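Take this structure first; my questions come after.
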Amino acid sequence: MGEIEDAIERADRESFTRQPPKTLKGQIGYLLKQMGSAKAVAQELGVTADSVNRYRRGARKHARADVAAKIDDAVRQRWQPMVRKRRQKQAAATGGITVETRARFGYTSSAGSTDDGRFRRLTVKLPAAYAQRLFDARDTGASDQQMREIIAEGFKEIYFQDGGGRAMGLSDVEINDIDYLDLDF
């Protein structure tokens, strides 16, 4: 996963109205209910169906660290899909998406007024259209770089050009060297 996709996943997780199961037995029980069989869960996790059944019965109280991480990821991926879809739909329709980042921004402008890239800490509320483009890009398997370009275009329009009020000669904005990036919708 790339930085942008991770940020979307974190924002999705923050929208949970109830917390997912925390115990190994509870997580396995949830996955069994979602996927239907121990064999399907085992394939997803890369373990045997017998191991899945041992986790379910409580005969094995702890999974290896790598398997425990896979279990946690599988549960979180499937947890409250309707809540996540509703939040994303709202962000894409009216709410927009807030991007907070510290990264190196550079841009190209009209002759004689370029800015060398420098670190900036920005928190910008991008309109719903950018949220929709970002979700569509993620759903179609876009690269992290393609999703960065969508965010950079939004920053250009909303932050640097102030919605059309200034810097109209600005032609290109780049985001590089991301220290952190966080999304909220």
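Would you point out the residue of the stretch 110-131, among those that are of a type in the set (Ser, Thr, Tyr) and touching a strand residue (DSSP E or B) at 6+ places or on another chain (Cβ under 7 Å), that is modelled with the lowest pLDDT?
Thr114
Taking the stretch 18-51, which residues are polar (S, T, N, Q) and under 24 Å from the mean Cα position of the chain (by Cα)?
Gln19, Gln27, Gln34
Please enumerate the residues belonging to the stretch 37-75 that are open to solvent by 80 Å² or more (accessible area, probe 1.4 Å) and in contact with a Leu (Cβ under 7 Å, 6 or more places away or on another chain).
Correct list: Arg56, Lys61, His62, Lys70.
Let me ask something else. Name the pairs: first residue in the stretch 96-115 and assigned to a loop (DSSP other than H, G, I, E, B), second residue at pLDDT 70 or above and of a type in the set (Asp, Glu), Cβ to Cβ under 9 Å, at least 6 apart or on different chains?
If the second residue must be at pLDDT 70 or above and of a type in the set (Asp, Glu), the pairs left are Ser109/Asp172.
Do we find a residue being open to solvent by 80 Å² or more (accessible area, probe 1.4 Å), at pLDDT 90 or above and over 16 Å from Ala7 (Cα atoms) anywhere in the stretch 76-85?
No - not one qualifying residue is present in the stretch 76-85.
Mind checking which pairs have a first residue in the stretch 60-75 that is within 11 Å of Gln27 (Cα to Cα) and a second that is among the charged types (D, E, K, R), Cβ under 6 Å, 6 or more apart or different chains?
Ala74/Glu44
Filter the stretch 117-142 for residues that are in contact (Cβ under 8 Å) with a residue 40 or more places away in the chain and not in a helix (DSSP H, G or I); which is surrounded by the most Cβ atoms within 10 Å (Cβ to Cβ)?
Filtering the stretch 117-142 for residues that are in contact (Cβ under 8 Å) with a residue 40 or more places away in the chain and not in a helix (DSSP H, G or I), the one surrounded by the most Cβ atoms within 10 Å (Cβ to Cβ) comes out as Gly117.
The values are calculated or read from the model by the stated rules, or taken from the named source; none is laboratory data. On a predicted model such as this, the values are computed, not experimentally measured, just so you know. Cβ coordinates were reconstructed from backbone atoms using ideal geometry, including for glycine residues, and neighbour counts include every protein chain displayed. Only protein heavy atoms, including side chains, enter the accessible area calculation; ligands, DNA and RNA are left aside. Shrake-Rupley method; radii C 1.70, N 1.55, O 1.52, S 1.80 Å.
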